[in-house]
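Report on the following structure.
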Amino acid sequence: MQLFLRGRSGMQVTEHGADLVPVAADMVANATQFGRVAAGLNNAVDGTLRISVNDILGIVIMPRILAAFQQTHPEIAVELDISNTASNLLSRDADIAVRMFRSVQNDLVARKIASLPLGFFGHEDYFATAGRPASAADLTDHRLIGFDRDPALIAAAKALGLDLTPANFAFRCDTILAQTEAIRAGAGIGITHIGMAAKWAGVTQVLAEVTLPPLPLWLACHADVRHNKRVRLGVDFLADQLRDPYAGYRG
């Protein structure tokens, strides 16, 4: 029975192949669940722990924390998956996910460990030429740093009564780490973590009276693996260290 046809554009599934796709998907799901349950029953500490995290925490914060973790548990190898898209814990893309939102998928166990305050920041070089905004409304007269295709920041601005468009942002990038470096380089005013920006030389906060919704920090893992000793050690260590993620950050 032929399941695929080779064409100029690649492999194409046949009618018979399409009929078998749901069955194959069930087989994959069952095999993945088998692996999760087996991993949850494994009490061995040695092995690999895969952690998923976004770019700003993954590059700025996690290497220091994971170095301390491996000093305590040298028998555990760590894989750090850095992505701003949520990993699929159901398919074991990661053992533990550090997320800025609460996981709502079934069979996931989530723990909120911190709330990270945000603020408006800019470099003194920028303020020396552009001046400082006296109110949130003044931001429309400044060079702003924000997202490119992600509308989250524009939506957040509307909640503050600011009707911003992409044209208001002189520096646009969907990589958060690039936004923070643009703030430090004097490209304009941007929103970032107060605990992190406080360690940057020459960068100061403006509009401190404007309250921005803090970023919640959550740890999540699948219920099938939460009793795995290696995963449990990782969750407990990260929960302790990430309550104040910028305590050992030097900028």
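The values are calculated or read from the model by the stated rules, or taken from the named source; none is laboratory data. Everything numeric here is computed off the predicted structure, so don't read it as measured data. Neighbour counts run over all protein chains shown; Cβ positions are idealised from the backbone, glycine included.
Of the numbered criteria (1) in a helix (DSSP H, G or I); (2) farther than 16 Å from Ala94 by Cβ, the one Asp244 fails is (1). Elements of the type strands (runs of 3 or more DSSP E) sitting completely within segment 116-182 and holding at least 2 residues that are touching a Leu at 6+ places or on another chain (Cβ under 7 Å) and under 19 Å from Trp200 (Cβ atoms): these cover 118-123. Could you list, in sequence order, all residues of segment 223-233 that are more than 13 Å from Arg111 (Cα to Cα) and either free of Cβ contacts under 8 Å to residues at least 60 places away in the same chain or not acidic (Asp, Glu) (or both)? Residues satisfying the conditions are Val225, His227, Asn228, Lys229, Arg230, Val231, Leu233. Only one of the numbered conditions (1) among the aliphatic types (A, V, I, L, M); (2) surrounded by fewer than 21 Cβ atoms within 10 Å (Cβ to Cβ); (3) in the same structural domain as Ala68 (by TED's automatic domain parsing) is not met by Val235, and that is (2). When segment 211-241 is filtered for residues that are under 24 Å from Ala178 (Cα atoms) and either touching an Asp or Glu at 6+ places or on another chain (Cβ under 6 Å) or not in a strand (DSSP E or B) (or both), the ones remaining, listed by number, are Thr211, Leu212, Pro213, Pro214. Every test in (1) within 24 Å of Ser52 (Cβ to Cβ); (2) surrounded by 13 or more Cβ atoms within 10 Å (Cβ to Cβ); (3) not assigned by TED's automatic domain parsing to the domain that holds Pro74 is passed by Pro151 save one, and that test is (2). Among residues that are surrounded by 13 or more Cβ atoms within 10 Å (Cβ to Cβ) and touching a Leu at 6+ places or on another chain (Cβ under 8 Å), His193 is included. When Ala187, Ala167 are checked against the criterion of being more than 24 Å from Arg243 (Cα to Cα), over 18 Å from the mean Cα position of the chain (by Cα) and modelled with pLDDT of 95 or more, a single residue qualifies: Ala187.
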